[in-house]
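Okay, so here's the structure we're looking at.
What follows is calculated from the coordinates using simple rules that are stated; it is not laboratory data. Just so we're clear, the structure is a prediction, and the values are computed from it rather than from any experiment. No Cβ is skipped: glycine too gets one built from the backbone with ideal geometry, and neighbour counts run over all protein chains shown.
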Amino acid sequence: MLHAIVLSTAMWLATPAPLEMPPLLPYQPPTQISEPSVSGQLGAELLRVFLSLGLVVGLIYLLSKVALPRMLRLSNQRNGRVLWVVERAQLDGKNSAVIIDVAGEGRFLVATGEKGVNLISRLGKQPDPTSEVE
């Protein structure tokens, strides 16, 4: 019995309600539309488009010169780490060359491979990437 009630309720909910048509409006003939002055509006529209384009290009330039270097400088912060891998170059399948920055000591070029890690040379102290450039 309960199954029949649930089924009939589900079918009642699933049937769409009849659509009501909006009332028809009486026919009105089209009114005379005057043609706008194209030359004056075209110049104003072109001026607005080029000013908007200049604004967008200027914002892109400003963001690339100001905001992007600041974001990159923030992403290069060490977060308390002492060792920092600056760059790694794979020489062959088992050997690679790595430039390592050691906080307070400078940069070192080391070779890694099957036989371990070998110091090739000390590259000297480099400026701190988190410091402000003047």
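Label-to-label distance for residue 61 and residue 91 is 4.7 nm, based on points extended 7 Å past Cα in the beta-carbon direction. Amide H contacts of residue 95 (H built 1.01 Å from N, in plane; Pro and chain starts excluded): no residue 5 or more places away or on another chain comes under 5 Å.
Sequentially through segment 47-56, phi angles give Karplus couplings (6.51, -1.76, 1.60; θ = phi - 60°) of 4, 5, 5, 5, 5, 5, 4, x, 5, 5 Hz, Gly and Pro residues having no value and appearing as x. Taking the fewest neighbouring Cβ atoms within 10 Å as the starting point, the ordered list for 31, 112 is 31, 112. Across segment 20-25, computed HN-Hα scalar couplings (Karplus, 6.51 cos²θ - 1.76 cosθ + 1.60, θ = phi - 60°) run 9, 7, x, x, 6, 8 Hz from first to last residue, x flagging Gly and Pro. Note on residue 41 and residue 21: with the Förster distance fixed at 25 Å, the Cβ-Cβ geometry gives a FRET efficiency of about 0.05. Amide H to amide H distances under 5 Å link residue 123 with 107, 108, 109, where only residues 5 or more positions off or on other chains count and H is placed in the peptide plane. With K and R counted +1 and D and E -1, the other residues having a Cβ less than 15 Å from that of residue 94 yield a net charge of 0.
Placing a pseudo-label 7 Å from each Cα along the Cα-to-Cβ vector at residue 53 and residue 28 gives an inter-label distance of 4.0 nm. Sorting 117, 86 from the fewest to the most surrounding beta carbons within 10 angstrom yields 117, 86.
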